[in-house]
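The values are calculated or read from the model by the stated rules, or taken from the named source; none is laboratory data. Since we're looking at a predicted model, the values are computed, not measured. Note that each Cβ is placed from the backbone with ideal geometry, even for glycine, and that neighbours are counted across all protein chains shown.
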Amino acid sequence: MIRAIFATGAILAALAGPAFAGSCPSLAAKAEEAMKTATLDDATKTKVTELITNGKADHEAGNHADSEVKLNEALKLLGVAS
């Protein structure tokens, strides 16, 4: 019984990863689109660019939770709701 519960949890966790992976590209695209019209000081612009670049790299490496944190931070700095 305990093995069945554990196995079910493991399967659900494995299936959830790809489901969340889909939001990274849309967050990155949203941030990149907002950058086109953003009026930011140079330091903020550099920080946002860095967050987008690192967020995309995290996504490619499979670190989707880290990617979403960085991309959402970029959106916050851009004043865009995620």
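Figures for the structure shown
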quantity: Residue count, region 1-43 (criterion: at pLDDT 90 or above, assigned to a helix (DSSP H, G or I) and in contact with a helix residue (DSSP H, G or I) (Cβ under 6 Å, 6 or more places away or on another chain)); calculated: 5
quantity: Pairs with Cβ under 7 Å, 6+ apart, first in region 61-75 and at pLDDT 95 or above, second in a loop (DSSP other than H, G, I, E, B); calculated: 72/82; 75/82
